[in-house]
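**Q** The structure follows.
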Amino acid sequence: MVHFTAEEKAAITNVWGKVNVEETGGEALGRLLVVYPWTQRFFDSFGNLSSASAILGNPKIKAHGKKVLTSLGEAVKNLDNLKATFSKLSELHCDKLHVDPENFRLLGNVLVVVLAIHFGKEFTPEVHAAWQKLVTGVASALAHKYH
Amino acid sequence: MCMAPKPWTFLSFPETKTYFAHFDLSSGSRQVQAHGKKLADALTLAVSHLDDLPAALSSLSDLHAHKLKVDPINFKYLSHCLLVTLARHHPGNMNPEVHASLDKFLSYVSNILTSKYR
């Protein structure tokens with residue numbers, strides 16, 4: 001069970017309050033596909049993924065990124081209960097989507113880099129550590145129902 | 001390059017501190033700063049030998065395999081924190097292609113440094 005201190009919770013919610021979910025979601029998912037091209041294997045039906053600019057401009061990728069990051073918003077609202085929050089999504093990713101859980105860790109790390117770009121100096125080591133804990137907790141919760 | 005990634009890594013991935021039990025790990029530690037500079041110098045060397053990295057990093061590979069024996073996972077943690085630090089300080093330069101290139105470079109360096117482990 002991941003336990004967040006009051007300071008960590010504050011660091012997370014403070015940053016989240018300033019995040020543009022649509023833009024950041026698209027950017028994080030897009031970068032995942034650019035930086036780790038093998039992750040494109042899940043997006044065959046999404047159209048043009050032939051270059052970084054194609055990926056980042058792809059409307060289906062943007063829409064899906066927004067969906068994924070909106071779901072992370074649920075995590076932010078339920079920091080004390082990540083496993084329960086993602087229980088159904090975990091089953092979905094295992095049974096229907098067949099996504100290797102390593103991909104959740106990769107996306108989490110890409111999101112952290114995107115936040116660092118956007119928040120700059122405000123993204124202190126302590127804020128980073130809190131978010132690292134969150135993305136690790138979410139990745140773990142999403143993998144929890146795998147069998 | 002200011003070597004912030006080290007203390008950064010210790011905060012996000014506390015298990016990495018196990019390799020520095022003999023260090024003063026308090027904030028502003030001279031030892032940590034000096035060690036960070038060693039890392040930065042090694043990466044600078046790597047950058048100037050992109051076409052023959054295995055040869056350039058050979059003695060460092062030996063050191064890590066035979067003496068330091070740092071578990072391979074830790075290279076991933078440090079590489080990630082390096083990227084975060086660079087992103088923070090140079091947001092304008094961290095476009096997706098640069099991000100991908102840097103990640104690839106750090107991953108390759110990490111592989112070379114652990115290549116003689118067994």
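**Q** Rounded, prolate or oblate for chain A? Axes are the square roots of the Cα gyration tensor eigenvalues, ordered a ≥ b ≥ c, and the cut-off for rounded is a/c under 1.5.
**A** oblate
**Q** Per residue of A:33-42, count partner chain C-beta atoms within 10 Å of its C-beta, then hand back the mean as an integer.
**A** Details: counts 2, 6, 9, 4, 1, 0, 0, 0, 0, 0.
That average works out to 2.
**Q** Would you kindly state the longest site-free stretch of chain A, with sites defined as trypsin sites (Lys or Arg not before Pro) in a DSSP loop (not H, G, I, E, B) surrounded by at most 15 other Cβ atoms within 10 Å?
**A** Counting at most 15 other Cβ atoms within 10 Å as exposed, the longest clean stretch of chain A is A:19-95.
**Q** Using a Förster radius of 41 Å, what is the FRET efficiency between A:Ser71 and B:Lys37 based on their Cβ-Cβ separation? Nearest 0.05, please.
**A** 0.50
**Q** Grab every C-alpha pair in the protein assembly as shown, bin the distances at 5 angstrom width from 0 up to the longest one, and report whole percents.
**A** 1, 6, 12, 16, 18, 17, 14, 9, 6, 2, 0
**Q** Rounded to two decimals, what is the ratio between the C-alpha radius of gyration of chain B and 2.2 N^0.38 Å?
**A** Against the empirical 2.2 N^0.38 Å value, I get 1.05 for chain B.
**Q** Taking both sides together, what accessible area is buried at the B/A interface, probe 1.4 Å, expressed in Å² and rounded to the nearest 100?
**A** The buried area between B and A, both sides summed, comes to about 1800 Å².
**Q** Cβ under 12 Å from A:Glu74's Cβ, A:Glu74 left aside: what net charge do those residues give with Lys, Arg +1 and Asp, Glu -1?
**A** Value of the local net charge: +3.
**Q** Using the membrane-span-like helix rule (whole DSSP H runs, Cα extent along the own axis of at least 18 Å, mean Kyte-Doolittle hydropathy at least 1.0), which helices of chain A qualify? Write out the running numbers ahead of the final one.
**A** On the way: long enough: A:21-35 (20 Å, 0.59); A:59-77 (27 Å, -0.32); A:102-119 (26 Å, 1.41); A:125-143 (27 Å, 0.56).
Helices passing the filter in chain A: A:102-119.
**Q** Still on this model: Which trypsin sites (Lys or Arg not before Pro) in segment B:31-115 pass both tests, a DSSP loop state and at most 16 other beta-carbon atoms within 10 Å?
**A** The qualifying sites are B:Lys69.
**Q** For segment B:40-118, what is the accessible area per residue in Å² when the probe is 1.4 Å?
**A** 55 Å²
The values are calculated or read from the model by the stated rules, or taken from the named source; none is laboratory data. Everything quoted here is computed from the prediction, not taken from an experiment. Positions of Cβ are backbone-derived with ideal geometry, glycine not excepted, and every protein chain shown enters the neighbour counts. These area figures cover heavy atoms from the full protein model, side chains too; ligands, DNA and RNA do not enter into them. Shrake-Rupley method; radii C 1.70, N 1.55, O 1.52, S 1.80 Å.
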